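Novice: Following this message is one structure expressed as structure tokens.
No value in this document is a laboratory result; all are computed from the given coordinates. Note that the coordinates shown come from a computational prediction; the quantities given were computed from them, not determined experimentally. Glycine also receives a Cβ, built like all others from the backbone with ideal geometry; neighbour counts cover every protein chain displayed.
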Amino acid sequence: MLLAGCAVQPTQPARPVASPTAPPQTQCAPAVCPICPAAPACPAVEIPKPAAQAFAAARWEDLPGWPGSDAGELAQTFNAFLASCDALQNRELWRATCASARTLDTHGDNPWRAWFEAQFQPWQLVNPDGSREGLVTGYYEPLLKGSRTRKKPYLTPIYGVPEDLIDVELGEINPELKHLRLRGRIEGRKLVPYYSRADWSKQEAQRRASVLLWAEDPFDVFFMQIQGSGQVQLDDGSRIRVGYADQNGHPYRSIGRWLIDQGELKLEQASMQGIKAWAKAHPQRVEELLDANPSYVFFRELAVDGAGPPGALGVALTAQRSIAVDARYTPLGAPVWLATTYPNSEQALMRLMLAQDTGGAIRGPVRADFYWGSGNEAGAQAGKMRQKGQMWALLPRTYTPVQK
């Protein structure tokens, strides 16, 4: 099916991207405008439909390292799954499994292993080309310093959703387009593309009404947009959490890739830490660097309740237990056995995770973004994580996915 002159985005915003160096696999269809104006220059594009599932049947003994050396680790994942049942219990796929989890007798040496093996069947995720290895990156919840009022050194705005941003859920027009949306603004009688990052930044003076908070460091705000959520610590020591609310409709472009293409950094240098170091050495080019990514994320204020930020599933993420996946393949809520390595090392990292989030750069069956938690230490791990890995989705035994 074709829609002329229109770039569409999946309706799974969550975090817009996974890491600053992720390849420019955008949320939008390639080589098209970010929304649907009447301009003839916008080519006709084929609207992407949700991809077919790509699974290969597996046995428990096929999972490298299963079930791990520590029963306590399985218990942590089980408890996170049980918490997810608040969101999953009314979904047909998970109803019986959640009911079983609520009645599990947790006495004994390792009741969690027996429960997972009784309830689930492992399925290995397989890429379209038949390969079974993919990319595992990391993300985290940044901690920024900020203020509710504009004052030195808090001069960088964190914006809420502007009143003139228009969202069009295409599924309300045509059920076949339920995974897609348009974003733009009204100009006269036309829906035109919303402002890019460069255009938006020129409007700060007249956009004060949309400001939620003011932060100290523009780069910290930029990376918080990449992560999709963060906490802001005020001068009195209190904290405010902000989470993803919307996005301007423009495709994400990796600033790490931009620096590589400009000959400013080598691939191995383009981590979050390397990008920040380059910016510190080239303050006169920071604006040019940030504007290389036209995507702009808007936030909403959330309570800080001791739990992690909410993911796409609508439940709090658990540090080192939650991953973001491509929900076209792996159902949200599914336990996933992840076999990868720790950041910048060959040390094995094999763990039962939960698919609780999505992201614009998380595209493909064997693709995961590992949630490290909140703060600087988590950020250091996330910023350097770019590992190879394999994934096995654990799905209820009553469900048989489309197999490779």
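Novice: If you count, for each residue, the other Cβ atoms within 10 Å and average over each peptide, how do 363-371, 298-306 line up from highest to lowest?
Specialist: Order by mean packing, descending: 363-371, 298-306.
Novice: Loop-only check: which GluC sites (Glu not before Pro) in segment 104-198 are DSSP coil with at most 10 other Cβ within 10 angstrom?
Specialist: GLU163
Novice: Shifting gears a bit: Taking the Cα atoms of the chain alone, what are Rg (to one decimal) and Dmax (as a whole number) in Å?
Specialist: Rg and Dmax of the chain, Cα atoms, are 21.4, 68 Å.
Novice: I need the calculated FRET efficiency for the pair TRP60 and SER345, taking r as the beta carbon distance and R₀ as 30 Å, to the nearest 0.05.
Specialist: Plugging the Cβ-Cβ distance into 1/(1 + (r/R0)^6) gives 0.65.
Novice: What net charge is computed for the residues neighbouring THR77, neighbours being all others with C-beta under 12 Å from the C-beta of THR77, Lys and Arg scored +1, Asp and Glu -1?
Specialist: Overall, the nearby charge balance is +1.
Novice: While we're here: Along the charge dipole of the chain, pointing to its positive end and built from +1/-1 on Cβ of Lys, Arg, Asp and Glu, which listed residue (TYR194, TYR244, SER345) has its Cα farthest out?
Specialist: After comparing all options, I get TYR194.
Novice: Here's another thing I want to ask about it. Just to confirm a number: summing +1 for Lys and Arg and -1 for Asp and Glu over residues other than ILE240 whose beta-carbon lies under 10 angstrom from that of ILE240, what do you get?
Specialist: So the environment of ILE240 carries a net charge of +2.
Novice: Give me, ordered by chain and number, the residues 5 or more places off GLN320 or on other chains with an amide H under 5 Å from its own placed amide H.
Specialist: Correct list: TYR371, TRP372, GLY373.
Novice: Please list, in order along segment 283-290, the HN-Hα scalar couplings obtained from phi with the Karplus expression 6.51 cos²θ - 1.76 cosθ + 1.60 (θ = phi - 60°), rounded to whole Hz, x for Gly and Pro.
Specialist: So the J values, rounded to whole Hz, are x, 6, 10, 4, 4, 4, 5, 5.
Novice: Quick one: which residues, 5 or more positions from GLN247 or on another chain, have an amide H under 5 Å from its amide H? H modelled 1.01 Å from N in the peptide plane, none for Pro or chain starts.
Specialist: When sequence neighbours closer than 5 places are left aside, the close amide H contacts are PHE298.
Novice: When Lys and Arg each count +1 and Asp and Glu each count -1, what net charge do the other residues less than 13 Å away from PHE120, Cβ to Cβ, add up to?
Specialist: +2
Novice: Taking Cα pairs under 8 Å and at least six residues apart, what relative contact order does the chain come out at, in percent?
Specialist: In percent, rounded to a whole number, it is 28.
Novice: State which helices in the chain qualify, where a helix is a whole DSSP H run, it must extend 30 Å or more along its own axis by its Cα atoms, and its mean Kyte-Doolittle hydropathy must be at least 1.0.
Specialist: none
Novice: Determine the gain in length on full extension of the stretch LYS152-THR398; use 0.36 nm per residue of separation and subtract their C-alpha separation, reporting nm with one decimal.
Specialist: Stretched out fully, the LYS152 to THR398 stretch lengthens by 82.7 nm.
Novice: Also: Given a cut-off of 23 Å, name the pairs among LYS202/LYS384; LYS266/LYS388; LYS152/LYS202; LYS202/LYS266; LYS152/LYS384 whose C-alpha atoms lie farther apart than that in the structure shown.
Specialist: Cα-Cα > 23 Å for LYS202/LYS384; LYS202/LYS266; LYS152/LYS384; rest within.
Novice: Between ALA75 and VAL161, what length in nm is gained on full extension when 0.36 nm per residue of separation is reduced by their alpha carbon distance?
Specialist: That pair, ALA75 and VAL161, stretches by 27.1 nm at full extension.
Novice: Oh, and also: Could you size up the charge dipole of segment 273-344 around its Cα centre, putting +1 on the beta carbon of Lys and Arg and -1 on that of Asp and Glu, and report it in debye to the nearest 20?
Specialist: 200 debye
Novice: Can I ask one more? Output the relative contact order of segment 145-195, whole-number percent, from Cα pairs under 8 angstrom with separation of 6+ residues.
Specialist: Taking the mean separation of contacting Cα pairs over the length of segment 145-195, I get 24 percent.
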